[in-house]
Structure formats: structure tokens, C-alpha cells
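Note sheet for the following structure.
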Amino acid sequence: MTERPTNPPLLDVRNLSTHFVTSEGVFRAVEGLSFRLERGESLGLVGESGCGKSTAMLSLLRLLPAAGRIVSGQALLDGTDLFGIDESDMRAIRWHRISMIFQGAMNAFNPVRTVGDQIAEALVFHGLARDLGEAEPRVAELLEMVGISGSRRSQFPHQYSGGMRQRAMIAMALACNPQVVIADEPTTALDVMIQAQILELLERLQRELGLAVILVTHDLSVVAEICHRVLVMYGGVLAESCEVDGIFNQPMHPYTRRLLGAFPDLSRPEGKLVSIPGYPPRLNALPPGCRFAPRCTEVHERCRQEQPKPREVLPGHWVACHLHDAGAANGRT
Amino acid sequence: MIKRRGRWRERWASIVGLLGHNRMGLVGLAMLGLAIGVAILAPWIAPYDPDTTIRVTIEDIYAKPSAAHPLGTDDGGKDVFSAFVYGARVSLVVGFTASLISMLIGGSVGLIAGFYGGRLGNLLMRLTDIFLVIPDLPLMIVIVAMVGPSLWNIIIVIGILGWTGTARIVRSQALSLKERQFVLRARAIGAGNFHILRRHIFPLVLPLIITNTVLVISLSILEESTLSFLGLGDPTTLSWGGMLNFAFTRGAISSGAWWALVAPGLGIVWVVLSCTLLGNALEEAFNPRLQSHHLQGEERMIARPAQPEASDT
């Protein structure tokens with residue numbers, strides 16, 4: 001994973017900005033977010049609640065709620081700009097080439113329809129089966145793939161346990177053999193044992209099927225376990241992005257460092273956990289400079305006036321912080 | 001378009017099977033079946049044809065129940081039992097047809113207003129409000145008086161005035177359902193509005209529509225009886241309400257002819273009760289979440305040992 005591929009990435013998101021236009025003003029949920037996803041790569045998207053992770057992902061699928069607007073940016077999936085095609089083309093791409101494991105699988109299934117039917121629907125919509133009956137063998141195969149007996153396809157979601165529902169959701173996401181799977185907090189609301197099972201399953205499927213996975217989470221330990229690269233978001237913008245080792249061994253952005261400080265470290269059991277005082281910025285009243293400035297311990301004058309741009313400080317390691325500007329690296333003048 | 005092969009038969013079989021476990025539902029079904037059977041087989045059950053003209057003597061008017069007339073005779077000397085049997089036809093036809101109209105209007109208005117919302121939804125709900133605030137009975141009386149009291153006019157009037165409750169309930173359910181995550185997920189896998197409405201929202205509001213329809217059936221039958229009792233029924237057919245009207249206005253009470261009142265009155269109660277029982281049972285059968293067997297085993301929930309434990313005092 002160290003050599004940098006020269007061919008274009010599978011998914012290239014450039015300068016994505018998504019706003020929510022409401023009667024209380026414009027909420028700038030995502031601003032100027034750029035990242036790349038290679039084939040077979042797994043990218044962890046980390047940040048606090050409300051920092052725009054899910055919004056960015058729903059933007060990629062063009063499934064924002066009514067108030068959401070993608071105001072700028074491109075998302076090139078194998079060269080096709082997802083924001084430049086019309087809705088019918090988007091419908092063909094959605095789930096077929098880029099699918100999503102939804103946050104909280106409890107609610108992602110219709111309670112009065114069988115799990116199998118709901119998975120089969122995806123196959124029918126994308127022309128992989130003529131009707132629900134014809135889709136049944138494939139549905140059984142998908143369920144077996146995630147460790148659920150194929151005969152349980154005719155059961156209703158309430159007859160599944162929480163972990164099974166999440167696995168069924170994964171099976172559904174894989175129904176059309178997508179290239180990219182977005183997993184939006186797939187392990188939230190599950191106990192640690194089930195969490196580990198689900199993550200193992202995701203990792204195995206990713207390896208076997210050569211999937212590119214974007215794992216949205218606020219759990220850094222999950223990222224450490226299965227991701228190749230990490231993207232840390234704060235207040236709707238990119239804070240830091242690099243390979244997974246870099247984040248843990250050489251975190252550069254003060255927010256990343258504080259975030260790591262708020263997680264337990266087994267090698268230093270005596271180390272104290274430190275929370276980050278304050279709250280993420282309100283997205284309709286953002287500070288003029290760096291969005292982390294009000295909570296940053298290393299803040300200086302420039303941070304309050306000028307928003308830092310992401311810069312490649314080390315090869316493959318991008319940071320948006322004035323501390324790591326070219327000038328700052330040579331000692332501030 | 002997603003087609004389903006043979007699964008509906010399976011589904012129906014399971015619903016019928018579940019109905020079998022619900023004793024009150026079975027009672028309702030049997031009561032309603034009996035009423036429908038009587039209505040269909042009226043010409044064979046009724047000993048007299050109510051439409052033939054008969055010669056009557058003074059003894060025939062409000063004659064007590066006898067072998068020839070098991071429920072006595074009415075003010076015209078005609079057999080009450082025959083009129084009662086034929087009256088079931090009118091009440092049931094009006095009840096079912098009017099509720100079908102109400103269900104179609106109310107269900108579609110509610111679904112469209114709830115799911116699409118916006119200006120169209122607002123317009124539909126204001127329309128519903130208008131229908132809701134107008135008192136039904138006076139309006140019905142006025143309309144029937146204007147268009148003339150034929151059977152179809154009565155059905156249509158009851159139908160187009162009885163849908164507001166269904167529309168509001170269905171709308172509120174659709175409003176909350178469309179925000180659920182599985183709707184977003186369905187959109188993500190490529191489903192369009194119509195498919196989501198038909199396959200994801202509709203099955204969830206169907207139990208509501210069905211229970212409501214059953215309520216509306218009883219209401220429609222009551223409303224038809226009310227109109228007929230007030231003398232606005234179809235003059236060519238005698239419904240249970242009409243029988244009550246004749247008995248009430250033509251001295252059945254003062255002559256002590258209870259049979260002329262009790263038969264149609266009990267008939268109305270019978271059908272209304274059967275619909276309610278059946279409706280509740282159907283709701284349970286249609287809603288898979290109410291089917292969970294672990295919800296029905298209260299007595300078996302705590303597994304007690306077979307032998308009583310030795311007391312340790």
C-alpha cells in the first residue's frame with residue numbers, strides 16, 4: 001500500500017461542497033472536501049457527530065434530504081462525474097456501482113416485507129433478475145455469503161437479531177456487485193462482539209470481492225483495524241488525511257491529536273483520556289478562520305482570520321492547519 | 001415493474017390460517033357470512049315475496065308471530081320475516097359499496113397527500129377539512145332530497161361523505177413512513193416514487209385502511225338505516241331502516257307490535273358487530289408484527305417446573 005498508483009483512482013472527489021438551505025439560514029455541512037479512493041482500498045472517514053461525514057456520503061449517492069444542495073464539486077467514478085449526469089443515469093449507477101450500508105440497519109428494512117424480497121428488489125431494479133421469484137437463488141447466495149442461512153430469506157426483519165439485520169444489510173449492499181461500498185457507521189448500536197464480527201465480515205468480503213470501501217465511523221479503533229487510509233473531518237472540512245499508520249504514529253492536525261488522546265491506548269494503560277473541551281462549530285455560524293480554532297490549544301492569530309487549505313506535508317499525508325504550512329515547517333518568521 | 005408469482009396465494013393462506021386462531025374473528029366472519037348468505041339466498045329463504053300485492057283483512061295488520069308468519073306481519077299485513085330477509089340485501093349492498101367508495105377516495109387522498117406532500121398535499125387536506133366540518137347527516141338529507149332517493153344516490157352520498165377519517169389517518173401514517181430510513185434505502189437501490197408508494201408505504205398502511213373500512217362499513221349501514229328511517233330511503237326497496245321507519249310512523253309501538261321493530265333493529269346490530277369483530281381480527285392477521293408468537297404466550301412465558309418446589313421454611 002505504500003507505492004502510489006499512477007492510473008486514475010476509482011473514485012475521485014474534488015472540492016465537494018454541500019449546503020442545507022433552511023429557513024434558519026444556510027448550513028454549510030460539507031465544504032471543499034476532496035479525496036481519492038483506489039480500487040480495493042478501504043478508506044476510513046472519521047469525525048465527531050455532525051461534522052458532515054454522512055452528508056458527504058449521501059451527496060455521493062445524490063440522496064440528500066429535500067433541503068440539501070450540492071453547491072460545487074465533482075465526484076468522478078471511473079471518470080463519470082456523478083454530479084453531472086441526469087437522475088435516470090444516476091439511478092442506474094446507484095447500488096449497481098456504488099452502494100451503501102445504512103446507519104442502523106434496524107430501520108433500513110421495511111418491517112412488513114420479507115428480508116429476501118427487499119434484497120431481491122435491488123436485483124430486479126438493476127436488471128439482474130426478471131422478478132422477485134427469479135432473484136431468489138441469488139438472494140440465498142448473498143445471505144449465505146454473510147453467514148445467514150439462505151432459507152431465512154422469507155422471514156421478516158423483526159425475526160432477525162440486530163447483528164443479523166446488519167449482515168443482511170451488507171448482503172443487500174453487495175447484491176449488484178458494486179465497486180464502491182459506503183458503510184455508514186455499520187457497527188453503531190451493536191455490542192462489541194457483534195461489532196467485531198461485522199468488521200471481520202466486511203474485511204473478508206472486501207478482500208474476496210476486491211471492493212473499495214468507505215467506512216464512516218467515529219471510532220478510531222475500527223479504522224485502525226480495517227482501513228488502509230484515513231480521512232479526518234472537522235466541521236465539514238478535511239482536517240487530515242493519510243495512511244492509517246501515519247494517523248496513529250505521526251498525527252499532525254491538533255484535532256487529530258486530541259481525538260487520539262480521547263481514545264484508550266492499551267500500551268499506555270496509565271495514560272489519562274482527555275476529552276476535547278467545547279463543541280463542534282454550528283454549521284450556520286462558522287468561525288471566519290480555521291473551524292477548529294475555538295477549541296484548539298495551539299491556536300495563533302492567523303488561525304482566527306484565515307481558513308487553512310489542505311497541503312501535502314509529507315508524501316500522501318495531507319493536513320489543513322497553519323502549523324504545517326511551508327513557512328511554519330521551517331520555523332515561523 | 002416487480003412481479004410476484006404465486007406468493008400472494010401463500011400470503012392469503014397464512015392470513016386465513018391466522019384468522020383461524022382468532023376466535024372473535026371467526027365469530028365475526030361466521031356472522032357476516034350468515035348475513036351475506038341470507039341476502040344472497042333471500043328468494044329461497046323468504047316464505048313470501050314482498051313485491052307481490054296481497055289482499056289483507058283487518059286481522060292481518062300487525063298480526064302476532066304465528067306458524068304462517070314467524071315474525072308476524074307489518075302495517076300492510078305483509079310478512080315481517082320476508083321483508084327482513086330481503087332488507088339484508090339493501091343494507092349489505094349499501095354498506096359494502098359505500099365503504100368501497102370511501103376507502104378508494106380516502107386511501108388515495110391520504111396516500112398522495114402524505115407521500116407527495118407540498119402544495120398538492122395541502123390542497124387535498126384542505127378539501128378533507130371542508131368535508132370533515134360539514135355535518136354529515138344534514139348534508140346527506142339535503143343531497144338525497146335534491147337528487148332523489150334512489151339506491152345508487154344513497155350509496156354515492158354515503159360514500160363521498162365517509163372518506164375523511166380514512167384520508168386523515170392514512171396521510172398521517174404515510175407522512176411518518178416516508179421519513180423512515182427504509183424509504184431512503186429503497187430510493188438508493190433504484191426504486192421510484194410509485195414503487196416506494198406501492199411496495200413500501202402501501203403495505204404498511206393497508207391494515208389501517210382495512211380496519212377503517214370495516215368501521216366505515218358499519219357506519220355506512222347505520223347511515224343508510226338512518227336515512228331510510230327518516231323516510232329518505234329508496235322507496236322501491238325496503239331496507240331495515242325503512243322497516244323501522246314504517247313501524248315507527250305507522251303505530252307499531254302503540255299496537256304493541258314489537259316484532260316489527262326488533263327484527264330490523266337486531267339485523268343492523270348483527271351486521272355492524274360482525275364487521276367490527278372481523279376487522280379487528282384482519283388487522284392482526286395483516287400486520288406481521290402482531291403475529292409474533294412470543295407475544296401470545298403469556299401463560300407459557302415463565303417455564304415452571306413440573307413438580308412444585310419443596311418449601312424451605
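Couple of notes before you dig in:
- Under the condition of being part of a loop (DSSP other than H, G, I, E, B) and either in contact with an Asp or Glu (Cβ under 6 Å, 6 or more places away or on another chain) or buried (at least 20 other Cβ atoms within 10 Å of the Cβ) (or both), the residues counted in the stretch A:280-295 number 7.
- Candidate set from the stretch A:110-152 (those that are aliphatic (A, V, I, L, M) and part of a loop (DSSP other than H, G, I, E, B)); member that is nearest to B:PHE202 (Cα to Cα): A:VAL112
- Test: residue in the stretch A:204-221 that is more than 14 Å from every other protein chain (Cβ to nearest Cβ), among the aliphatic types (A, V, I, L, M) and without any contact (Cβ under 8 Å) to a residue 40 or more places away in the chain: yes
- Summed over the stretch A:196-210, residues that are within 14 Å of A:ALA175 (Cα to Cα) and over 18 Å from the mean Cα position of the chain (by Cα) total 1.
- Unique residue being away from chain A (no Cβ under 12 Å) and among the aliphatic types (A, V, I, L, M) when the list is B:LEU197, B:LEU184: B:LEU197
- The set of residues in the stretch B:218-263 that are among the polar types (S, T, N, Q), in a helix (DSSP H, G or I) and touching a Phe, Trp or Tyr at 6+ places or on another chain (Cβ under 9 Å) comprises B:SER220, B:SER225, B:SER228, B:ASN245.
- Candidate set from the stretch A:95-136 (those that are more than 8 Å from chain B (Cβ to nearest Cβ) and among the small types (Gly, Ala, Ser)); member that is surrounded by the fewest Cβ atoms within 10 Å (Cβ to Cβ): A:GLY127
- Residue within the stretch B:201-217 that is within 14 Å of chain A (Cβ to nearest Cβ) and modelled with pLDDT of 90 or more present: yes
- Among the residues here, A:SER241 qualifies as under 14 Å from the mean Cα position of the chain (by Cα), farther than 21 Å from A:PHE109 by Cα and among the polar types (S, T, N, Q).
- When we screen B:VAL80, B:VAL109, B:VAL56, B:VAL38 for residues that are over 16 Å from B:GLY165 (Cα atoms) and at pLDDT 90 or above, the only hit is B:VAL38.
- Residues located in the stretch A:184-243, provided they are touching a helix residue (DSSP H, G or I) at 6+ places or on another chain (Cβ under 7 Å), acidic (Asp, Glu) and surrounded by fewer than 22 Cβ atoms within 10 Å (Cβ to Cβ): A:ASP184, A:GLU203, A:GLU225
- As a summary of the residue check, B:LEU215 satisfies the conditions (1) over 19 Å from the mean Cα position of the chain (by Cα); (2) on the phi < 0 side of the Ramachandran plot; (3) not charged (D, E, K, R) except for the one numbered (1).
- None of B:SER99, B:SER150 is crowded, with 18+ Cβ neighbours inside 10 Å and farther than 30 Å from A:ALA92 by Cα except B:SER99.
- Residue within the stretch B:83-105 that is within 22 Å of B:ASN153 (Cα to Cα), part of a helix (DSSP H, G or I) and out of contact with any helix residue (DSSP H, G or I) (no Cβ under 8 Å at 6 or more places or on another chain) present: yes
- Only residues that are within 11 Å of chain B (Cβ to nearest Cβ) and farther than 23 Å from A:GLU208 by Cβ were counted in the stretch A:137-170, giving 6.
The values are calculated or read from the model by the stated rules, or taken from the named source; none is laboratory data. All values derive from a computational prediction rather than experimental measurement. Virtual Cβ from ideal backbone geometry, glycine too; neighbours counted across all protein chains shown.
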